[in-house]
Amino acid sequence: MKESSRGRVYLVGAGPGDPELLTLRAARLLREAHTVVHDRLIHPGVLEHARPHARLIYVGKEGGGESVRQEDINTLLITQARLGRIVVRLKGGDPFIFGRGAEEALALEAARIPYEVVPGLSAGIAAPAAAAIPVTHRDLSGEVTFATGFRVNGTPDWPFLARAQTLVMFMAGQRLEETTAALIAAGRAASTPAAMVEAGTWEHQRVVEGTLADVATKARDAGLGSPSLLVVGEVVALRARLHSLTTRRDSSAGDVLPRFAEAGND
């Protein structure tokens, strides 16, 4: 492919993990890209869609560990595009849902670099579904609130979050005790069903069920790590009734979706 004098950046959502949940458009762009700039939470099977000899650049971030500065990622995208390359910025989930995609889009806008946003399936929807937790149910929850316990400035509006019929908290693992205690202090019943979903849709997905009062202890005892989502609400209790979904093995997906492991359930 002859490179153009001016490149383009695609901010692409890779979905929650399982490579079969990648969109067709994302797979096509990976086959066309000269450079793929990818996060930590990208399944190796997704990267297999990249064209031969494409440059794969890892810029993963991990809470509490070493990470590439956002400013350096922005500069990298701009530099690669100015070299005339098609650049895929591959982000877990959806680029605009707690993925810093908006920050990168603004940087590209300021640098006058052509770019597009390619939505991806958010883990906020996919991980609970893969764990047999429907985030809505006509009799139990007509609304879903997505939030993160991490704020650059300020703290979460705990009273608002405590009133959510279904609450899905991203990046909940490292602040789980603090999060559950804050929700209870803000008025949410300690007996509210709650679950932690680790690595939703990945081969090693694990689920811990409990209540808002004890889910943090159960998750710690089970050794759950990152990435993890916290789901709070009466819909979590439906999981026990969705037996076929929680025990199935998806033969069409081979080793990608084995039987989901349980952790810390009584």
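The values are calculated or read from the model by the stated rules, or taken from the named source; none is laboratory data. Note that the structure is a prediction, hence the values are computed from the model and not measured. For neighbour counting, all protein chains shown are included, and Cβ atoms are generated from backbone atoms with ideal geometry for every residue, glycine included. To get the accessible areas, we keep the full protein, side chains included, count just its heavy atoms, and leave off ligands, DNA and RNA. Shrake-Rupley method; radii C 1.70, N 1.55, O 1.52, S 1.80 Å.
Stretched out fully, how many nm does the piece from Gln70 to Arg40 gain, at 0.36 nm a residue minus the Cα gap? Working shown, then result.
Numbers: separation 30, 0.36 × 30 = 10.80 nm, distance 1.39 nm.
Going from the current span to full extension adds 9.4 nm.
Between Arg241 and Phe160, the FRET efficiency from the beta-carbon distance, with R0 = 22 Å, is close to 0.15.
Please label the shape of the stretch 46-199 as rounded, prolate or oblate, based on the square roots a ≥ b ≥ c of the eigenvalues of the alpha-carbon gyration tensor (a/c under 1.5 means rounded; beyond that, a/b larger than b/c means prolate, else oblate). Walk me through the numbers before you get to the answer.
Values: a/c = 2.40, a/b = 1.96, b/c = 1.22.
Judged from the Cα gyration tensor, the stretch 46-199 comes out prolate (a/c at least 1.5, a/b above b/c).
The simple spin-label model puts a point 7 Å past each Cα toward its Cβ; for His53 and Ala102 those points are separated by 4.1 nm. Return the whole-Å distance between the Cα centroid of the stretch 117-162 and the Cα centroid of the stretch 188-233. That distance is 14 Å. When Met171, Met196 are compared by accessible surface with a 1.4 Å probe, the order from highest to lowest is Met171, Met196. Taking amide H positions as modeled 1.01 Å from N, with prolines and chain starts lacking one, the residues under 5 Å from Thr148 and 5 or more places away or on another chain are Phe170. When Lys218, Lys91 are compared by accessible area of protein heavy atoms, the largest-first order is Lys218, Lys91, using a 1.4 Å probe.
What is the percent carbon and sulfur in the accessible area of the stretch 16-160, measuring with a 1.4 Å probe over the protein chains and ignoring ligands?
It is 55 percent, rounded to a whole number.
Could you work out the longest stretch of the chain that avoids the GluC sites (Glu not before Pro) located in DSSP loops with at most 16 other Cβ atoms within 10 Å? Could the numbers behind the result be given before it?
Working: sites that count: Glu3, Glu48, Glu62, Glu66, Glu143, Glu203.
It works out to 67-142.
For the chain, the fraction of C-alpha pairs more than 26 angstrom apart is 44%.
Quick check: with the 1.4 Å probe, what order do Arg25, Arg40, Arg239, Arg112 take by accessible area, largest first? Walk me through the numbers on the way to the answer.
Values: Arg25 90, Arg40 65, Arg239 10, Arg112 180 Å².
Correct descending sequence by accessible area is Arg112, Arg25, Arg40, Arg239.
Note on Ala111 and Ser226: the extension gain reaches 38.0 nm, defined as 0.36 nm multiplied by sequence separation minus the Cα-Cα distance. Of the chymotrypsin sites (Phe, Trp or Tyr not before Pro) found in the stretch 117-190, the ones in coil according to DSSP and having at most 15 other Cβ atoms within 10 Å of their Cβ are Phe150. Go ahead and run the numbers for FRET between Glu234 and Ala129, Cβ-Cβ distance against an R0 of 25 Å, rounding to 0.05. Computed FRET efficiency for Glu234 and Ala129: 0.90.
The mean accessible area for residues of the chain, using a 1.4 Å probe and ignoring ligands and nucleic acids, is 49 Å² per residue. In the stretch 121-150, whose amide N lies under 12 Å from the spot 7 Å out along Cα-to-Cβ of Ala186? List them in ranges. What the label zone holds, given the 12 Å backbone N cut-off, is 145-150.
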